[in-house]
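**Q** What follows is a single structure, and I will ask about it in a moment.
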Amino acid sequence: MSPLSRIAHCGALLNFRADPGAHDEPSAYEYWEQGVLLVTDGCVEAFGPAAELLPAITGPVSVIDHGAGLIVPGFIDTHIHYPQTDIIGAGGRNLLDWLERYAFPAEQSFVDAGHARQVAEFFLDELLRNGTTSAQVLGTVHRASAEAFFQAAAARGVRMIAGKTLMDRNCPADLCDNAADAEHDLRALIDSWHGRGRLHYAITPSFAPTSTAAQLSSAGRLAREYPDVFIHSHLAENRDEVSWVHELFPDCSGYLDVYDRFGLLRERATYAHCIYLDDQERRRLAASGAGAAFAPSSNLYLGSGLFDIAASDAAGMRFALATDVGGGSSFSMLRTMAEAHKVAQLLGQRLPPLRAFYLATLAGARMLGLDDRIGRFAAGSEADFIVLDPHATALLERRMAQTHTLAERLLLWMILGDDRAIAATYILGQAA
Ligand SMILES: [Zn+2]
């Protein structure tokens, strides 16, 4: 038997218990300028202020001193496309133009399992370099794309949710599956990967316009049959897309209604974007237990629109941050927080930095129903965490020296930070 691995990580430490909201609710988070995270065999044993916790530790322990670094739970990216890694910043006038000119052609290459594996490896390394320890990931329509991703994720021991996309119309012929074959593939993928190690399966209709009613019915049937499997798709991202859905599903009252009709609105369902929803739809989404992935970098890059934080809060909607690479232009959740801040500014709203960090960590875990394991520190939770470097760049170091509060420091990491600010990423207590 291998000896117990027990490490005390020392540094500043920030942890969330709940949503700090618009006013930095003090009971929602805990912060120690000199804190300790005690990790035993990949899980959190204890955490707290160094002055109290360090002297109380009995038994063998190693100490890693992160100096002025800030220890926080790893970032959770609630919506990202791994096959679009190679089309970040490729161009495109708007969503539908970008899909046709860049996304579909890039996805066609994933018929080759070797290519899929190579991109999956790069993608996962890039996530970890950026401090993202868990993500909800879309593949392509090819079953091999999901297999390749799960294999690469399993090798790294990361907690990931993924699925092959479902598309049986309005896409190039070689990206088209059909309801019966897709259902067969899904059952095989769920049996092979869902609940294996730290992996989860998501039923992933690409978006309503690329699935027939028969395919959405099949997806809904599987969602009922496997209630702990995730559901992951797009909703109300772009005005032209919304109009198209109205044309394609004239019997439905709106875009959200399409997913609801087919049994795809429930807990563990995530819809990316949710920009063009009315208040009634927002309340309906909230009541269903489904959540929204807020992907500001993508929404700005493709000119899709502005996610309304205040209206989503008023409706009681769950939402969390996402990069949406490759519509999104960065793997960095710090960069994504900065874009979210700007979206709030454009709507005359506020996204305080504490809440932005919450939306990049615990909010995602709660939305996905994984907060008993990831997204926050608690006794027994999985030790996926990162260390943020306040001295990552000359400018960051200079500005950090002028700060007085945690909120000021978090805002600087958001506004000036990127992958360079991630000093270390730990998966189950192991440096990645
Ligand atoms: Zn997307």
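**Q** Any idea of the accessible area per residue across the stretch 278-432, 1.4 Å probe, to the nearest Å²?
**A** Details: 5450 Å² over 155 residues.
Computed with neighbouring chains in place, this is 35 Å² per residue.
**Q** Where both partners of a DSSP beta bridge lie in the stretch 18-176, what percent of those bridges are antiparallel, to the nearest 5?
**A** Values: 6 of 16 bridges.
Percent antiparallel among DSSP bridges in the stretch 18-176 is about 40.
**Q** Whole Å is fine, so just give me how far the alpha carbon centre of the stretch 266-334 lies from that of the stretch 143-162.
**A** That distance is 25 Å.
**Q** Which order do you get for Ser381, Ser27 if you rank them by accessible area with a 1.4 Å probe, largest at the top?
**A** Result, largest first: Ser27, Ser381.
**Q** Same structure, new question: At 1.4 Å probe size, with the rest of the protein present, what percent of the exposed accessible area of the chain is carbon and sulfur atoms?
**A** The value for the chain is 50 percent carbon and sulfur by accessible area.
**Q** Another one. Under the definition of Cα pairs under 8 Å and six or more residues apart, what whole-number percent is the relative contact order of the stretch 1-66?
**A** Details: 116 pairs, mean separation 26.0, N = 66.
Normalised by residue count, the contact order of the stretch 1-66 is 39 percent.
**Q** Just to make sure I understand: if all protein chains stay in place, what is the order of Asp125, Asp371 by accessible area at 1.4 Å, largest first? Walk me through the intermediate numbers first.
**A** Values: Asp125 75, Asp371 40 Å².
Descending accessible area places them as Asp125, Asp371.
**Q** Moving to a separate point now. At 1.4 Å probe radius, can you tell me the per residue accessible area of the stretch 176-228 in Å²?
**A** It amounts to 37 Å² per residue over the stretch 176-228.
**Q** Add +1 for every Lys or Arg and -1 for every Asp or Glu among the other residues with Cβ under 15 Å from the Cβ of Arg17, and state the total.
**A** Numbers: positive: Arg355, Arg366, Arg376; negative: Asp19, Asp24, Glu25, Glu30, Asp371, Asp372.
Net of charged neighbours comes to -3.
**Q** Here is a further query. Rounded to the nearest whole Å³, what is the per residue volume of the convex hull around the Cα atoms of the chain? Don't skip to the end; give the middle numbers.
**A** Working: hull volume 58.1 nm³, N = 432.
Here the figure is 134 Å³ per residue.
**Q** Oh, and also: For Asp191 and Asp174, compute 0.36 nm times the residue count separating them, minus their Cα-Cα distance, and round to one decimal in nm.
**A** Extra length available between Asp191 and Asp174 comes to 3.6 nm.
**Q** Only Cα pairs under 8 Å and at least 6 apart count here; give the relative contact order of the chain as a rounded whole percent.
**A** Over the chain, the number comes to 19 percent.
**Q** Cα centroid distance between the stretch 369-405 and the stretch 173-203, in Å?
**A** Taking the Cα centre of the stretch 173-203 as reference, the centre of the stretch 369-405 is 35 Å away.
**Q** Using heavy-atom solvent-accessible surface (probe 1.4 Å) with all chains present, what is the largest-first order of Arg187, Arg282?
**A** The ranking, largest first, comes out as Arg187, Arg282.
**Q** Let me ask something else. Determine the percent antiparallel among the DSSP beta bridges restricted to the chain, to the nearest 5.
**A** 45
**Q** Using a 1.4 angstrom probe and counting only protein chains, how large is the accessible area of Asp177 in Å², to 10?
**A** 30
**Q** Would you mind getting the accessible area per residue of the stretch 31-164, heavy atoms of the protein chains only, 1.4 Å probe, in Å²?
**A** 36
**Q** Which value, in Å² rounded to 10, gives the accessible area of Arg196 with a 1.4 Å probe and all protein chains present?
**A** 130
**Q** Once label points are set 7 Å from the Cα along Cα→Cβ at both Asp278 and Ile64, what is their separation, rounded to one decimal in nm?
**A** About 5.3 nm separates the two model spin labels.
**Q** Under 13 Å from the Cβ of Leu127, count the other residues' Cβ atoms, weight Lys and Arg +1, Asp and Glu -1, and hand me the total.
**A** -3
**Q** Which net charge results for the neighbourhood of Ile80, defined as the other residues with beta-carbon distances under 12 angstrom from its beta-carbon, given Lys and Arg at +1 and Asp and Glu at -1?
**A** Summing Lys and Arg as +1 and Asp and Glu as -1 gives -3.
The values are calculated or read from the model by the stated rules, or taken from the named source; none is laboratory data. Because the structure is predicted, anything quoted here is derived from the model rather than measured. So basically every Cβ, Gly included, is an ideal-geometry build from the backbone, and we count neighbours across all protein chains shown. Remember, those area values only see protein heavy atoms, side chains included, never the ligands or the DNA or RNA. Shrake-Rupley method; radii C 1.70, N 1.55, O 1.52, S 1.80 Å.
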